[in-house]
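K.L.:
I'd like to ask you about the structure that follows.
The values are calculated or read from the model by the stated rules, or taken from the named source; none is laboratory data. All values reported here derive from a predicted model rather than from experimental measurement. With ideal geometry, Cβ positions are generated from the backbone for all residues, glycine too; neighbour counts draw on all protein chains shown. Calculation scope for accessible area: heavy atoms of the full protein, side chains included, ligands and nucleic acids excluded. Shrake-Rupley method; radii C 1.70, N 1.55, O 1.52, S 1.80 Å.
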Amino acid sequence: MIKETISIEEINGELFNIKLIEPENNAPAAYTHYLHSIDNHYSEIFRDDAIEYVKTVLEYTQKDEIPHLVAEEALQYLLFNYQNDVPFPAPQNPEFQFIDLFAGIGGFRIAGQDNLGECVFSSEWDIHAKATYFANFGKIPFGDITKEETKRNIPFGFDVLCGGFPCQPFSNAGLRKGFEDTRGTLFFDVADILDRNIQNGTPVKVVFLENVKGLKNHDKGRTLKTIDKVLDDLGYEMKYEVLSSKNFGVPQNRERIFIVAYLKTENRNFTFPLGLDSHDKAIFDKEKLSNVKSTKVGDILEINTDSKYTISDKLYAGHIRRKKEHLEKGNGFGFSLFDENSQYTNTISARYYKDGSEILIVQKDGNPRKLTPREAANLQGYDEKFVIHKSNVQAYKQFGNSVSIPVIRTIFNEIKKQLL
Ligand SMILES: C[S@@+](CC[C@H](N)C(=O)[O-])C[C@H]1O[C@@H](n2cnc3c(N)ncnc32)[C@H](O)[C@@H]1O
């Protein structure tokens, strides 16, 4: 299976379109998943592919083909030397297991691990996101989740399925026929994984999904209704809430829809934590927010930033001209300026690398500047030890696509308390 990835790379200050043609190869993912799960029964599922991977990297002098036994021994040797010295290792004594779908750079994973969860499977098809994921967790995610060769690697018997799946319209029959009619959408694959676990007698306890706020009214509300219907047919009760990151300890107004679904047979109920109120003053569900502090933009800014982040006179003039045109047309779009005293920024998006228009920082002397990649990380709640991709374009894209970790961490904490 051949996969093409088109990416935009910054090389010597210029942007290039780079097209990578990559065979769909899950062997390195199986290998790293195997090394990470050796202490538990999940390792068995990754073992054969891990051995195949070892064969591809071994040099064996006596024969052309590397015998299975040699590869098996080499794998055990590699295991012996393996050290889990990554910035975000799995918790020592995990209290539950989860899988990380549409994993990006692992926002759900950090939040899950912070709640003492163990991630037993990850999937993400973007090679740059995979590289960042590997640098931080020591695991390469499996690829395309719609493919059988990826799904067959998902172990049975985990507790929570997590994922920020891309939002797509469903066919008209969706509401009547259930999840068969979500075929061709990525939500179908989520439902399919839940169904496989039900058929296996190991139903997943909780589904935890994140999406753009627009999912709520997408296709006149039909998309969300279809998701509810499909989950209901599979035996799950679904709750959702639109929450903003600014109420969870990061100074960013990022509104996202969060969906939590749980087995109806368990007779439980779930209520979302709502965060700090809109003025970042009163706390209206204090007991759920012990770790959440109110913040302002100054809290995420670096002290000395390189002059390369200052936007050029030409770009600034273009921003001002477009803003004027928008204002004349009566809409409020255009660039936005913030300083250290601002309560929160706009939402950082995956296109931030282009011109930074949604969040520019005022400077005393000269034009405003873009956030640095480290500041973008801070704005999504990624702590200091997180390894950031070396390409600024990729780094901005990855943080723009990511979840805000404190929101996910707080909801995960509630999931653990109320549902696990
Ligand atoms: C909105 S982002 C999720 C980001 C993630 N929650 C994080 O914290 O970084 C959606 C991700 O799904 C990935 N994706 C889309 N289709 C996929 C597929 N068929 N298989 C695997 N990953 C896919 C994209 O590459 C993208 O990184």
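K.L.:
Here's a check for you: in the stretch 399-415, which residue that is open to solvent by 10 Å² or more (accessible area, probe 1.4 Å) and more than 9 Å from the ligand (Cβ to nearest atom) is farthest from LEU379 (Cα to Cα)?
P.N.:
It comes out as ASN413.
K.L.:
For the stretch 108-132, which positions are more than 10 Å from the ligand (Cβ to nearest atom) and part of a loop (DSSP other than H, G, I, E, B)?
P.N.:
We begin by selecting, within the stretch 108-132, every residue more than 10 Å from the ligand (Cβ to nearest atom); these are 112-121, 131.
Of everything in the stretch 108-132, those that are more than 10 Å from the ligand (Cβ to nearest atom) and part of a loop (DSSP other than H, G, I, E, B) turn out to be ASN115, LEU116.
K.L.:
Also, quick follow-up: Which of the numbered conditions does ASN341 fail, given that it passes all the others? Conditions: (1) touching a Lys or Arg at 6+ places or on another chain (Cβ under 8 Å); (2) loosely packed, with under 14 Cβ neighbours inside 10 Å; (3) within 28 Å of GLY104 (Cα to Cα).
P.N.:
Going through the list (1) touching a Lys or Arg at 6+ places or on another chain (Cβ under 8 Å); (2) loosely packed, with under 14 Cβ neighbours inside 10 Å; (3) within 28 Å of GLY104 (Cα to Cα), ASN341 breaks only (3).
K.L.:
Being open to solvent by less than 40 Å² (accessible area, probe 1.4 Å), more than 16 Å from the ligand (Cβ to nearest atom) and farther than 20 Å from PRO251 by Cβ is the requirement here; does GLY318 meet it? Show your work before the answer.
P.N.:
On the way: open to solvent by less than 40 Å² (accessible area, probe 1.4 Å): yes; more than 16 Å from the ligand (Cβ to nearest atom): yes; farther than 20 Å from PRO251 by Cβ: yes.
For GLY318, the condition - open to solvent by less than 40 Å² (accessible area, probe 1.4 Å), more than 16 Å from the ligand (Cβ to nearest atom) and farther than 20 Å from PRO251 by Cβ - is met.
Residues checked against (1) more than 16 Å from the ligand (Cβ to nearest atom); (2) open to solvent by less than 30 Å² (accessible area, probe 1.4 Å); (3) at pLDDT below 95; (4) not basic (Lys, Arg):
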residue	(1), (2), (3), (4)
ARG351	no, no, yes, no
LYS354	yes, no, yes, no
SER357	yes, yes, yes, yes
LEU360	yes, yes, no, yes
GLY366	yes, no, yes, yes
GLU375	yes, yes, no, yes
LEU379	no, yes, no, yes
GLU384	yes, no, yes, yes
ILE388	no, no, no, yes
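K.L.:
Across the stretch 375-405, what is the number of residues that are closer than 21 Å to ASP114 by Cα and either in a helix (DSSP H, G or I) or in contact (Cβ under 8 Å) with a residue 24 or more places away in the chain (or both)?
P.N.:
First, pick out the residues of the stretch 375-405 that are closer than 21 Å to ASP114 by Cα: 376-388, 398-399, 401-405.
Retained after the next criterion (residues that are either in a helix (DSSP H, G or I) or in contact (Cβ under 8 Å) with a residue 24 or more places away in the chain (or both)): 376-382, 385-388, 398-399, 401-405.
So the count comes out to 18.
K.L.:
A further question on this structure: Tally up the residues in the stretch 88-107 that are open to solvent by 10 Å² or more (accessible area, probe 1.4 Å) and either more than 8 Å from the ligand (Cβ to nearest atom) or part of a helix (DSSP H, G or I) (or both), please.
P.N.:
9
K.L.:
Just give me the residues in the stretch 108-125 being of a type in the set (D, E, K, R) and surrounded by fewer than 21 Cβ atoms within 10 Å (Cβ to Cβ), in sequence order.
P.N.:
Residues of the stretch 108-125 of a type in the set (D, E, K, R): 109, 114, 118, 124.
The answer is ASP114, and nothing else.
K.L.:
Just give me the residues in the stretch 131-149 being crowded, with 20+ Cβ neighbours inside 10 Å and either in contact with a strand residue (DSSP E or B) (Cβ under 9 Å, 6 or more places away or on another chain) or farther than 11 Å from GLY106 by Cα (or both), in sequence order.
P.N.:
Hits for the stretch 131-149 are TYR133, PHE137, LYS139, ILE140, PRO141, PHE142, GLY143, ILE145.
K.L.:
Does GLN418 satisfy the condition of being under 30 Å from LYS239 (Cα atoms), more than 16 Å from the ligand (Cβ to nearest atom), assigned to a helix (DSSP H, G or I) and not small (Gly, Ala, Ser)? Break it down stepwise before answering.
P.N.:
On the way: under 30 Å from LYS239 (Cα atoms): yes; more than 16 Å from the ligand (Cβ to nearest atom): yes; assigned to a helix (DSSP H, G or I): yes; not small (Gly, Ala, Ser): yes.
Yes: the conditions hold for GLN418.
K.L.:
Just to verify a result, which residue in the stretch 133-149, among those that are within 9 Å of the ligand (Cβ to nearest atom) and not aliphatic (A, V, I, L, M), is nearest to PRO91 (Cα to Cα)? Even if it seems obvious, please write down each step before you answer.
P.N.:
Step one: filter the stretch 133-149 for residues within 9 Å of the ligand (Cβ to nearest atom), giving 133, 141-147.
Narrowing the set further to residues that are not aliphatic (A, V, I, L, M) leaves 133, 141-144, 146-147.
Numbers: TYR133: 17, PRO141: 18, PHE142: 21, GLY143: 24, ASP144: 27, THR146: 29, LYS147: 30 Å.
Going through the qualifying residues, I end up with TYR133.
K.L.:
Return a yes/no flag: does the stretch 191-208 have any residue that is within 16 Å of the ligand (Cβ to nearest atom), buried (at least 17 other Cβ atoms within 10 Å of the Cβ), at pLDDT below 90 and within 29 Å of PRO87 (Cα to Cα).
P.N.:
No, because not a single residue in the stretch 191-208 is within 16 Å of the ligand (Cβ to nearest atom), buried (at least 17 other Cβ atoms within 10 Å of the Cβ), at pLDDT below 90 and within 29 Å of PRO87 (Cα to Cα).
K.L.:
In addition: Restricting to the stretch 333-349, name every residue that is of a type in the set (A, V, I, L, M, F, W, C) and either within 16 Å of the ligand (Cβ to nearest atom) or at positive phi (or both).
P.N.:
Filtering the stretch 333-349 down to residues of a type in the set (A, V, I, L, M, F, W, C) leaves 333, 335, 337-338, 348.
Correct list: ILE348 only.
K.L.:
So how many residues does the stretch 323-350 have that are out of contact with any Gly (no Cβ under 7 Å at 6 or more places or on another chain) and in a loop (DSSP other than H, G, I, E, B)?
P.N.:
Kept after step one, since they are out of contact with any Gly (no Cβ under 7 Å at 6 or more places or on another chain), are these residues of the stretch 323-350: 324-325, 327-339, 342-347.
Checking which are in a loop (DSSP other than H, G, I, E, B) leaves us with 329-336, 339, 342-344, 346-347.
Number satisfying all stated conditions: 14.
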